[in-house]
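A.B. asks: Mind having a look at this structure? Questions to follow.
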Amino acid sequence: MADIPTANWSAAVRSGYDHWAAVYDHDGNPLVALEEPFMRAAVGDVCGRVVLDLGCGTGRHTLWLAASGATVTAVDFSEGMLAEARRKPGAQAVRFLVHDLHTPLPLTDAAFDGVVSGLVLEHLQELDGFFREIRRVLKPGGWAVVSAMHPAMFLRDKQAQFTDPATGEDVRPGSVPHQLGDFVMAAVRAGLRLDHIGEHAPDAALAARCPRAEKYIGWPMLVVLRLLV
């Protein structure tokens, strides 16, 4: 995995998400269902804030941030995912950017009150640069909320995966088995302070709403970091 050039890695992951875009919002992903309420609780009130969404995908965090009164810039490298985001109600208020998060952001220093990033870390070969960029673009007193698939999922041979609607093939865009300590230490090395870390598993109530979660009840599936400047 480490031997794959970054450009080749990014191209493979991007292609996977371009194909996933058509069904991403509708395929009953249990990790997405588990993540969203924890992310919203960790972010809190954003009215009047300037917020950056890194790896925005189909806009599932972007659009509620904008609807809650934030001024939002949303970044992703998948044109397919961004096309889905742009066609949704409220998207006209968002500034969307096409960009690969393996490289420095085309954004000025200290421009944002907050940063959110949902379920992106497993697709990054190297974490230090990602967290350094978060630190760079945050204002003094700023915050970041970053979620990731829990590393324990790799113990069950699980990673980001979908069924291609055109071929019926199961596709894994590409995931790196980072450890929990990798997330935390990359953030700390970037100069961010850990305010909270949550590790979350599905329960019976989630499984009732999202049947694919049933086999993971009680198993760590999600990590949410809240970081401060």
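A.B. asks: How are the C-alpha pair distances of the range 51-184 spread across 10 Å bins, as whole percents from the shortest bin up?
C.D. replies: 12, 40, 36, 12, 1
A.B. asks: What is the antiparallel percent of DSSP beta bridges lying wholly in the chain, to the nearest 5?
C.D. replies: Percentage antiparallel, nearest 5: 45.
A.B. asks: At 1.4 Å probe size, with the rest of the protein present, what percent of the exposed accessible area of the chain is carbon and sulfur atoms?
C.D. replies: 54 percent
A.B. asks: A follow-up question, please. Report ³J(HN,Hα) in whole Hz for each residue of the range 147-154, in order, from the Karplus equation J = 6.51 cos²θ - 1.76 cosθ + 1.60 where θ = phi - 60°; Gly and Pro get x.
C.D. replies: 10, 8, 4, 5, x, 4, 5, 5
A.B. asks: In square angstrom, what is the accessible area per residue of the range 47-185 with a 1.4 angstrom probe?
C.D. replies: 40 Å²
A.B. asks: In deg cm²/dmol and to the nearest 500, what is the mean residue ellipticity at 222 nm of the chain if only DSSP H runs of at least 4 residues count, each as -39500 (n - 2.57), divided by the residue total?
C.D. replies: Computed mean residue ellipticity for the chain: -9000 deg cm²/dmol.
A.B. asks: Give the whole-number value, in cubic angstrom per residue, of the convex hull volume spanned by the C-alpha atoms of the range 1-84.
C.D. replies: 118 Å³
A.B. asks: How much of the DSSP bridge set in the range 113-229 is antiparallel, in percent, rounded to the nearest 5? Don't skip to the end; give the middle numbers.
C.D. replies: Numbers: 16 of 21 bridges.
Of the beta bridges lying entirely in the range 113-229, close to 75 percent run antiparallel.
A.B. asks: For a test of the definition: using alpha carbon positions, the gyration tensor, and the 1.5 limit on a/c, classify the chain as rounded, prolate or oblate.
C.D. replies: rounded
A.B. asks: Just to confirm, what accessible area per residue do you get for the range 186-229 at 1.4 Å probe, in whole Å²?
C.D. replies: 52 Å²
A.B. asks: Then there is this: Got a number for the accessible area of R156? Probe 1.4 Å, square angstrom, nearest 10.
C.D. replies: Rounded to the nearest 10, that gives 90 Å².
The values are calculated or read from the model by the stated rules, or taken from the named source; none is laboratory data. Only a predicted model underlies this, so the values are computations on that prediction, with no experimental measurement involved. Calculation scope for accessible area: heavy atoms of the full protein, side chains included, ligands and nucleic acids excluded. Shrake-Rupley method; radii C 1.70, N 1.55, O 1.52, S 1.80 Å.
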